[in-house]
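Asker: Before I ask anything, let me first share the structure, which is written out below as structure tokens.
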Amino acid sequence: MTRRLSALVVIVLLAAASVRAQTGPVIVVETTKGSFAFETYDNEAPKTVTHVMQLVRQGFYDGQRVHRALAGFVVQWGDPQSQHTTKEADWGRGAAASSGQPIGVAEISRRWTHTRGAVAMAHAGDPRFADSQMYVTLATRPDLNGKYAVFGHVISGADIPEKIQKGDVINKMYVME
């Protein structure tokens, strides 16, 4: 019995290590409400992860505000217009609400779904044109599966996204290296 239990523990640990090994770089998000980090799924969404990492390294998200925060649903950011409170009526809308360089492919996976803490790319109707806006789900949302590319999951500071409100600032985002 002890050998079977030990073998089972080893199998579970190997499976967990295998899942972790399939994830990519970790991105840290420092906000006015605290910091959280999310792992990325570069095996299943390589173009999305590469695009977001380029934006992060360029400082694109630094100083932006969260333009959408709906309790029990999502917190969303990634619109450069949100750096200006005078443009609040336009936050999240229009061509100026992105980096101007869409990813060009919809990397929607059946493996990674909209569980609580999923990080995904927002878009205005066509996932190929997702660009810089991303969101964190605050609850499991199966209604979003198959429509948006989940490219990461919160692994640290999971309580922070729930505290974030519209207008809170993304002080800095960086790739943990």
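Asker: Go through region 142-153 residue by residue and tally those that are in a loop (DSSP other than H, G, I, E, B) and either in contact with a Cys (Cβ under 8 Å, 6 or more places away or on another chain) or surrounded by 20 or more Cβ atoms within 10 Å (Cβ to Cβ) (or both). Spell out the reasoning first.
Answerer: Here is the first cut: in region 142-153, the residues in a loop (DSSP other than H, G, I, E, B) are 145-149.
Remaining after also requiring either in contact with a Cys (Cβ under 8 Å, 6 or more places away or on another chain) or surrounded by 20 or more Cβ atoms within 10 Å (Cβ to Cβ) (or both): 148-149.
The number of residues fulfilling the criteria is 2.
Asker: Could you list, in sequence order, all residues of region 75-98 that are closer than 20 Å to GLY59 by Cβ, part of a loop (DSSP other than H, G, I, E, B) and open to solvent by 40 Å² or more (accessible area, probe 1.4 Å)?
Answerer: HIS84
Asker: Sticking with this one: Kindly indicate whether SER156 is open to solvent by 50 Å² or more (accessible area, probe 1.4 Å) and hydroxyl-bearing (Ser, Thr, Tyr). Even if it seems obvious, please write down each step before you answer.
Answerer: Working: open to solvent by 50 Å² or more (accessible area, probe 1.4 Å): yes; hydroxyl-bearing (Ser, Thr, Tyr): yes.
Criteria met by SER156.
Asker: Going by what's in this entry, would GLN76 be described as closer than 24 Å to ALA106 by Cβ and either in contact with a Pro (Cβ under 7 Å, 6 or more places away or on another chain) or not hydrophobic (A, V, I, L, M, F, W, C) (or both)? Even if it seems obvious, please write down each step before you answer.
Answerer: Working: closer than 24 Å to ALA106 by Cβ: yes; either in contact with a Pro (Cβ under 7 Å, 6 or more places away or on another chain) or not hydrophobic (A, V, I, L, M, F, W, C) (or both): yes.
So GLN76 passes the test.
Asker: Please verify whether region 112-131 includes one or more residues that are at pLDDT 95 or above, more than 15 Å from HIS67 (Cβ to Cβ), part of a loop (DSSP other than H, G, I, E, B) and open to solvent by 60 Å² or more (accessible area, probe 1.4 Å).
Answerer: Yes, some residue in region 112-131 is at pLDDT 95 or above, more than 15 Å from HIS67 (Cβ to Cβ), part of a loop (DSSP other than H, G, I, E, B) and open to solvent by 60 Å² or more (accessible area, probe 1.4 Å).
Asker: Now a separate question. Checking ARG68 against (1) open to solvent by 60 Å² or more (accessible area, probe 1.4 Å); (2) more than 15 Å from ILE170 (Cα to Cα); (3) touching a strand residue (DSSP E or B) at 6+ places or on another chain (Cβ under 8 Å): exactly one of these is not met. Which one?
Answerer: ARG68 satisfies every listed condition except (2).
Asker: Which residues, taken from region 33-47, are of a type outside the set (A, V, I, L, M) and touching a Gly at 6+ places or on another chain (Cβ under 9 Å)?
Answerer: Kept after step one, since they are of a type outside the set (A, V, I, L, M), are these residues of region 33-47: 33-36, 38-44, 46-47.
Within region 33-47, GLY34, SER35, PHE36, PHE38, GLU39, THR40, TYR41, ASP42, ASN43, PRO46, LYS47 meet the criteria.
Asker: When you go through ALA120, ALA37, ALA45 one by one, which is the residue that is farther than 22 Å from LYS172 by Cβ and small (Gly, Ala, Ser)? So that I can check it myself, show each step before the final result.
Answerer: Details: ALA120 fails: farther than 22 Å from LYS172 by Cβ; ALA37 fails: farther than 22 Å from LYS172 by Cβ.
Selected residue: ALA45, the only one of ALA120, ALA37, ALA45 that is farther than 22 Å from LYS172 by Cβ and small (Gly, Ala, Ser).
Asker: To continue, here is another question. Could you please let me know if LYS172 is within 22 Å of GLU30 (Cβ to Cβ), surrounded by fewer than 19 Cβ atoms within 10 Å (Cβ to Cβ), among the charged types (D, E, K, R) and touching a His at 6+ places or on another chain (Cβ under 7 Å)?
Answerer: Numbers: within 22 Å of GLU30 (Cβ to Cβ): yes; surrounded by fewer than 19 Cβ atoms within 10 Å (Cβ to Cβ): yes; among the charged types (D, E, K, R): yes; touching a His at 6+ places or on another chain (Cβ under 7 Å): no.
No: the conditions fail for LYS172.
Asker: Also, I was wondering about something else. Pick out the one residue from ALA69, ALA130, ALA96, ALA122 that is of a type outside the set (D, E, K, R) and touching a helix residue (DSSP H, G or I) at 6+ places or on another chain (Cβ under 6 Å).
Answerer: The match here is ALA96.
The values are calculated or read from the model by the stated rules, or taken from the named source; none is laboratory data. Given the structure is predicted, the values throughout are model-derived calculations rather than measurements. Neighbour counts are summed over all protein chains in view; Cβ atoms, including those assigned to glycine, are modelled from backbone coordinates with ideal geometry. Please note that ligands, DNA and RNA were not included when accessible areas were found on the heavy atoms of the full protein model with its side chains. Shrake-Rupley method; radii C 1.70, N 1.55, O 1.52, S 1.80 Å.
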